[in-house]
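Reviewing the structure listed below.
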Amino acid sequence: MTIQNIILSCILLVMGTSTIAQSLKEIKKNKDIIWAAEQETNYLFIDIDITSSAAAYITEKRLKRELELTNNQVKILKSVVAESQKSYPADNSELLHRKLHAELYNKDGIKLYKTNKLETTYTSRELKDILYDTDTIITFDPTNYDEIVKLVENIKNPNDLRTFKIKEIIYYDNSKMEFRIVPQAIGINEFLYNGNGKSTGKIKTVIWLPINVVNKALDYSNQKELSWARRTYQNRVFSEISNQKIIKGNQSQKEITTLMLNDISKKYKKVHLGDPKNRDGATPLTDPSIVKQKIDAGEWNTEQLSGVQFIQDWYWNNTTKQLSVRYVGFAPFDQQQENQYNTWFIRR
């Protein structure tokens with residue numbers, strides 16, 4: 001390769017990565033981004049493959065519904081534990097919440113923050129109050145029958161810390177006719193109990209951690225340090241969005257999605273539309289006539305539009321103890337029945 005080609009390749013690489021806005025400042029400054037919103041979303045990694053028929057999957061779905069967690073499914077990309085050896089609920093360290101749980105008690109581990117702004121970390125004393133439960137044990141001295149009171153500190157049950165809250169920015173790039181979702185921080189939620197030890201049915205975010213955002217797929221196949229990789233499919237139903245803060249533009253997410261669909265209907269030959277029959281959108285709808293037929297037949301009727309599914313890849317690096325996320329794409333859908341979604345196409 002000549003020097004000129006190397007320089008050209010470097011220029012193209014910079015141009016390719018610089019067009020993806022990652023910070024709030026970049027999003028507000030970019031004129032092509034006409035809409036953006038901040039939101040915090042509670043959700044549960046149902047950390048079992050979407051093809052599994054385990055009964056526990058139903059239990060987790062019920063839990064998710066009760067806590068109003070985002071409807072998401074998981075596809076296992078990499079697992080260090082063979083599927084034939086896995087049980088669910090798992091009692092090993094394969095689940096994400098158990099990996100993070102182990103790090104919470106590592107004094108030399110990751111930094112733990114008080115808020116989603118990731119500015120102030122917890123002191124050791126503060127963490128002790130959060131990460132340990134104190135039990136009172138009363139016994140009696142057998143010689144004189146005096147009462148003996150002991151306070152015993154136990155680490156939190158990892159299953160009480162298995163739901164997460166993601167602070168994220170969703171934005172729409174009008175020139176590319178696409179959404180992107182940029183996570184800002186991940187919070188660990190704790191299940192709350194009353195004085196009798198019964199669940200209150202509520203959760204509270206107790207710790208925040210940084211997230212590493214990557215733009216390219218990580219090669220996890222031959223890297224031992226990348227011990228865990230999952231792909232999530234998160235269905236965001238417009239009627240269920242309640243905590244979204246619009247920070248650019250004045251439309252709702254449904255209105256901006258309708259605008260996008262109208263533009264794509266006119267310019268579908270210029271954009272990549274993945275076939276919804278392929279869950280990850282890798283197979284394109286290459287025949288423009290098929291797309292036109294769907295548009296003319298009213299299959300993409302914006303009045304029936306129910307929401308958008310966001311697809312992301314999550315990676316855990318066992319060496320750096322860091323959680324990374326890559327945005328894969330999105331898919332508009334209409335909702336036929338409860339928990340039944342008809343995906344129109346996948347935009348990657």
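The values are calculated or read from the model by the stated rules, or taken from the named source; none is laboratory data. Just so we're clear, the structure is a prediction, and the values are computed from it rather than from any experiment. We place every Cβ from the backbone using ideal geometry, glycine too, and count neighbours over all the protein chains shown.
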Q | Subset tally (residues that are among the aromatic types (F, W, Y) and in a strand (DSSP E or B)) for the range 125-148 | A | 2
Q: For residues that are exposed (fewer than 10 other Cβ atoms within 10 Å of the Cβ) and hydroxyl-bearing (S, T, Y), scanning just the range 124-155, find the one that is nearest to K204 (Cα to Cα).
A: S124
Q | Subset of the range 171-191 [in contact with a helix residue (DSSP H, G or I) (Cβ under 9 Å, 6 or more places away or on another chain) and among the hydrophobic types (A, V, I, L, M, F, W, C)] | A | M177, F179, V182, I186, I188, F191
Q) Got a sec? Which of K167, K204 is at pLDDT 85 or above, surrounded by fewer than 19 Cβ atoms within 10 Å (Cβ to Cβ) and in contact with a strand residue (DSSP E or B) (Cβ under 9 Å, 6 or more places away or on another chain)? A) K204
Q.
Which pairs turn up if I take residues in the range 24-42 that are in contact (Cβ under 8 Å) with a residue 60 or more places away in the chain and look for partners that are among the hydrophobic types (A, V, I, L, M, F, W, C) and in a helix (DSSP H, G or I) with beta carbon separation below 6 Å, at least 6 apart in sequence or on another chain?
A. I33/I27; W35/I256; A36/I27
Q: State which residue pairs qualify: first residue of a type outside the set (S, T, N, Q) and modelled with pLDDT of 85 or more and inside the range 143-160, second residue assigned to a loop (DSSP other than H, G, I, E, B) and surrounded by 10 or more Cβ atoms within 10 Å (Cβ to Cβ) in any location, beta carbons under 7 Å apart, and separation of 6 or more residues or different chains.
A: I155/Y105
Q. Just a yes or no: is a residue in the range 314-333 surrounded by fewer than 18 Cβ atoms within 10 Å (Cβ to Cβ), without any contact (Cβ under 8 Å) to a residue 24 or more places away in the chain and at negative phi?
A. no
Q) Within the range 149-185, can you find the residues that are in contact with a Leu (Cβ under 7 Å, 6 or more places away or on another chain), farther than 21 Å from G329 by Cβ and either acidic (D, E) or part of a strand (DSSP E or B) (or both)? A) I155, T163, A185
Q. Mind checking which residues of the range 222-265 are more than 16 Å from P332 (Cβ to Cβ) and free of Cβ contacts under 8 Å to residues at least 12 places away in the same chain?
A. N222, Q223, S242, N250
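Rundown of residues vs (1) of a type in the set (F, W, Y); (2) crowded, with 18+ Cβ neighbours inside 10 Å; (3) in contact with a His (Cβ under 6 Å, 6 or more places away or on another chain); (4) assigned to a strand (DSSP E or B), yes/no style:
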| site | (1), (2), (3), (4) |
| --- | --- |
| W228 | yes, yes, no, yes |
| R231 | no, yes, no, yes |
| S239 | no, no, no, no |
| N243 | no, no, no, no |
| I247 | no, no, no, yes |
| N262 | no, no, no, no |
Q) Assuming V308 fulfils every condition listed in (1) in contact (Cβ under 8 Å) with a residue 60 or more places away in the chain; (2) over 27 Å from V325 (Cα atoms) apart from one, which condition is it? A) (2)
